[in-house]
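Below is one structure; the comments refer to it alone.
The values are calculated or read from the model by the stated rules, or taken from the named source; none is laboratory data. As the structure is a prediction and not an experimental result, all values here were calculated from the model. Neighbour counts are summed over all protein chains in view; Cβ atoms, including those assigned to glycine, are modelled from backbone coordinates with ideal geometry.
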Amino acid sequence: MNIKINKINKDNIKNILDIEITSFPTPWDEKLYLSMLRNNRYHLYGAFLDDILLGYIVLYDSVDIIEIIKIATSKDYRKKGIASHLLQFVIEKYNLDFMLEVRTSNINAINLYKNFNFKDISIRKNYYKDTNEDALIMKREAK
């Protein structure tokens with residue numbers, strides 16, 4: 001697959017929302033994504049095959065660290081390395097430390113992050129309000 005990583009723009013939001021509803025128990029809405037596009041602290045990138053959005057990543061620039069806010073892949077393209085492409089791209093683009101939160105039950109995501117040298121640093125108890133599930137906080141230090 002010839003995947004290209006590009007910045008997300010407002011024309012991609014409908015496609016993000018399609019992925020969002022199949023990926024998260026509490027999906028974000030169009031208004032939130034549009035506000036992030038207007039805020040230069042947020043960076044949104046998509047993995048594209050031709051003009052088809054396969055997945056996306058949302059980053060927040062906290063000055064000295066990049067927070068991975070969200071990463072998701074289209075249901076039809078899961079387990080094909082799309083999230084890995086996105087992570088590799090942002091790690092190479094930003095020479096900073098990365099942090100993220102992930103549900104403790106999301107073993108696939110945790111393993112993906114560990115493959116990119118993210119380390120467990122703490123647990124946030126009852127972080128996810130929809131299930132009261134804990135969040136694992138992970139960090140990757142810049143090289």
message: For the structure I just gave you, tell me whether K129 is of a type in the set (K, R) and at pLDDT 95 or above.
response: no
Residue that is more than 15 Å from the chain's Cα centre (by Cα) and closer than 15 Å to L86 by Cβ, where the choices are I8, I57, I3, I66: I3
message: Condition (residue is more than 27 Å from N95 (Cβ to Cβ) and in contact with a Phe, Trp or Tyr (Cβ under 8 Å, 6 or more places away or on another chain)) applied to segment 35-42: is it met by at least one residue?
response: no
statement: Counting only residues in segment 61-81 that are of a type in the set (K, R) and touching a strand residue (DSSP E or B) at 6+ places or on another chain (Cβ under 9 Å), the one surrounded by the fewest Cβ atoms within 10 Å (Cβ to Cβ) is identified as K79
- prompt: Of all the strands (runs of 3 or more DSSP E) wholly in segment 1-104, which have at least 1 residues that are within 26 Å of I123 (Cα to Cα) and without any contact (Cβ under 8 Å) to a residue 60 or more places away in the chain?
  reply: 42-49, 52-61, 65-73, 97-103
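Just to be sure before I move on: is K139 under 16 Å from the mean Cα position of the chain (by Cα), more than 23 Å from T26 (Cβ to Cβ) and in a strand (DSSP E or B) in the structure I sent?
Considered against the rule, which asks whether it is under 16 Å from the mean Cα position of the chain (by Cα), more than 23 Å from T26 (Cβ to Cβ) and in a strand (DSSP E or B), K139 comes out as yes.
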task: Please list, ordered by first then second residue, the pairs with beta carbon atoms under 7 Å, 6 or more apart or interchain, first in segment 115-142 and in contact (Cβ under 8 Å) with a residue 40 or more places away in the chain, second in a strand (DSSP E or B) and exposed (fewer than 13 other Cβ atoms within 10 Å of the Cβ).
output: K139/K119; K139/I121
query: Quick one: how many residues across segment 1-34 are among the polar types (S, T, N, Q) and surrounded by 11 or more Cβ atoms within 10 Å (Cβ to Cβ)?
result: 5
